[in-house]
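Let me begin by presenting the structure, written as structure tokens, before commenting on it.
Every read-out reported here was derived from the displayed coordinates using simple, explicitly stated rules and does not represent laboratory data. From a predicted model like this one, the values you see are computed outputs, not experimental measurements. Cβ placement follows ideal geometry from the backbone for every residue including glycine, while neighbour counts extend to all protein chains displayed.
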Amino acid sequence: MTETTAAPQRGADPTDIEGEPLPLASTVRHGSGWPSLDARQAAFVCVLVYVVLAILAYMPVGPFESRALPIAGPGNPAGSDPFQMTWFLSWVPFALTHGQSLFHTNYIDYPTGVNLADNTSVPLLGILGWPLTSTLGPVAAFNFLVRLSFVLSATSMFFVMRRWCRSWQAPFIAGLLYAFGPYTASQELHLDLIFVPLPPLLVLLADELVRRQRMRPALVGLFAGVIAGLQYLVSPDVLSGCAAMAIIAVVGLTIRFRHQIPDRLPYIARAAPFAFAGFVVLAGYPILEIVVGRGHLHGPVITLNSLQRTRADLLGPIVPTSNQLLVPGFISHLGNYFVDGNLSENGSYLGIPLLTLLIVIIRRLRHNATVVAFAWLGLAAFVISLGSYLVIGTWRSPLPMPEYIYAHLPLLENTIPARYSLYVLVFASMIFGIGLDHFWVSGPGGATATRDGDAPAHSERPAARESALAPGVRWMLGVRTIFRSRRRRRMLIGAVTMLSLLPAVPFASRGLVWPAALPTTIAQVVKPGTVVLTFPFATPATTQPMAWQASAHLKFRIMGGYANIAVPGQHVGQRWPLLLKPHSVQDILGFSHIGDRFPQPPIPDPGIEAQLRQYLVRYSIGAVVAWTSPAEFAFVYQYFLAAIGPPQLTGHSFDIWLPVHGKWPRP
């Protein structure tokens, strides 16, 4: 919507909300300091730079590496998530080629199974990674898709910003900020949360639907519905945030531009059925599985207290963390404590330089309705990210926040408040790009920046006279000369802003520590679909068995797993496997110093050893696999020896027990 209904004038200000979408500048005038590129050349160079940066961000590990995965640093509890995601990437092609349900399985958490619609099953990414999953394996697919996420997210923002920018430089930098900013630096282990090329497209379509209204309404509606459906197949979490921001935008624009509603509403009404149809076709079935599917959750995925604890800090935008590269340790040490000390969710940092520039841009473009709308939406997203109660420097105040309402609404009760930092970054990137194009790259009114701010020649001191001055005075004069140049001042401000946001690259990766032959050996010695009991037992703290299963192309089932599962008699899900009878078996196999799901394991004795044999028979387990390399696993290995005797197959750092003539032997 706009503040006036006057007909747009061609050649208007590139950020004028009523102006036509402007073409990419074909050249840059003399003195701009930027290379002269036409539209296609600029787009090609920008995307190529994004590709190179995405690859360099993980060096020396390449994008098709099949024996290494990104790892979590100190303060990042998401270290198990890449192993879990390799399983989800494997499940989609396996289910489609073996007649299995996409959204329910007992290949993990056997025998109860898992409703995958209540989990990060990423069907769209599973399809995108299918060629690599079936050839190089799911680990290579994960590594490739992580890098592709950065490239596509930056490219999407680049082309979306073409609507409001005349230059190519401003969209390029907006894409850099969006794809390589603090949010993605913190979430880099969560593939479903960094694959975000679709939110900028939804903003673009919303602009077309509500303000511009030049395309056919059926086409706009269909595009919006399809893109929303695709986003649901990547991350329902991200889509729910987009929907919440859309509701806030609708309410705000309706109040501000209520006099234009009669003119705008018919177009929106014609587009709405097509949007609904496109969304239902793609997302209707998985949503149905969440509501009535087998094993669906009754209530939030985990306790509300755990979800709400992950909220942004009021000081988060100005205090950097270890996720930024050029930050003194004593400063990042403070920022690392924000968001309950969870670095994987601590992505609200923007930095004082960027915040200052955003305030200046908003102040100077306060008559531009697009910029003002983006500013209010970014502020709303930040307020929601603060959670149900305001936290200031890790101090939880008694002041309730609007997000408190979310905890009492269906679906939104699963909100992790800190993840709204994504939408803060979306709108901050767009405002920054528009302001950069208006005031720096193209100049006000679309004129290209010149050297008119440089110091005049007559003001410079003769070289002979300047050389006679003290070195300190000469240095001060040099600095003064630099700051008297408008273009140099702008370049310095831009450099400081980008350096303050530089992520802590390269992101660390580590080679897979289990033997390469382990997954394939398991698949070779058991029949397809066999239930395998692994040690370590598959839990959120030890997800390696899920990666073994994925690397073996899901040739076998496993006990345990890392997934949101329904708990009988409870109105909240949990991520730890259900304790199956006899409980003592999982007490021993599932013990971990991480988390508090399992108690200290009991000391093995003949009675407990007999219970292990009962466990094997009760759940028709066809193989027991123990990874013997880690030293802390030694007591469990002795437990296996005492319960079922020596293994039938010994490999490098792993052993496999098999039933003899269909029965588990007594030692």
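Some observations on this one:
- Over the chain, Cα pairs under 8 Å with separation of 6+ residues give a relative contact order of 17 percent.
- Three-way shape call for the stretch 39-434 based on the alpha-carbon gyration tensor, with the a/c threshold at 1.5: rounded
- 18 Å cut-off, amide nitrogen to a point 7 angstrom out along His259 Cα→Cβ, residues in the stretch 361-382: 367-370
- Taking the longest Cα principal axis of the chain as reference, the axis of helix 352-364 is set at about 50 degrees.
- Residue range of the chain that is longest and free of GluC sites (Glu not before Pro) which are both DSSP loop and sparsely packed (at most 15 other C-beta within 10 Å): 4-459
- When peptides 538-544, 349-355 are sorted by average Cβ neighbour count within 10 Å, with the highest value leading, the order is 538-544, 349-355.
- Using a Förster distance of 56 Å, the FRET efficiency for Ile247-His661 (Cβ separation, nearest 0.05): 0.30
- Taken along the Cα-to-beta-carbon direction at a fixed 7 Å, the label points for Ile603 and Ile359 span 6.5 nm.
- Partner lysines for Lys663 [C-alpha distance under 21 Å; skip if fewer than 8 residues away on the same chain]: Lys527, Lys581
- FRET efficiency for the Arg489 to Leu334 pair, using the beta carbon distance and R₀ = 41 Å, is estimated at 0.85.
- Relative to the longest principal axis of the Cα atoms of the chain, helix 606-618 runs at roughly 70 degrees.
- For the chain, calculated [θ]222 nm from helices alone, where every DSSP H run of n ≥ 4 adds -39500 (n - 2.57): -15000 deg cm²/dmol
- Here the Karplus relation 6.51 cos²θ - 1.76 cosθ + 1.60, evaluated at θ = phi - 60°, turns the backbone of the stretch 640-648 into coupling constants of 4, 4, 6, 8, 10, x, x, x, 7 Hz, with x for every Gly and Pro.
- Cβ crowding within 10 Å averaged over residues, with 158-171, 211-224 ranked highest first: 158-171, 211-224
- Within the stretch 229-338, trypsin sites (Lys or Arg not before Pro) in DSSP loop having at most 15 other beta-carbon neighbours inside 10 Å: Arg294
- Among the trypsin sites (Lys or Arg not before Pro) found in the stretch 321-372, those both in a DSSP coil and sparsely packed, with 14 or fewer other Cβ atoms within 10 Å of their Cβ, are Arg366.
- Antiparallel bridge percentage (DSSP; both residues within the stretch 518-657; nearest 5): 50 percent
- Whether the stretch 151-235 is rounded, prolate or oblate, judged on the alpha carbon gyration tensor where a/c under 1.5 counts as rounded: oblate
- Rh (Kirkwood; distinct C-alpha pairs) - the chain, Å: 27.4 Å
- In plain terms, the chain from Ile392 to Leu325 could stretch by 21.7 nm, reckoned as 0.36 nm per residue minus the Cα-Cα distance.
- Against the chain, whose longest principal axis is taken from its Cα atoms, helix 471-483 shows a tilt of about 90°.
- DSSP-defined antiparallel bridges as percent of all bridges, the chain, nearest 5: 65 percent
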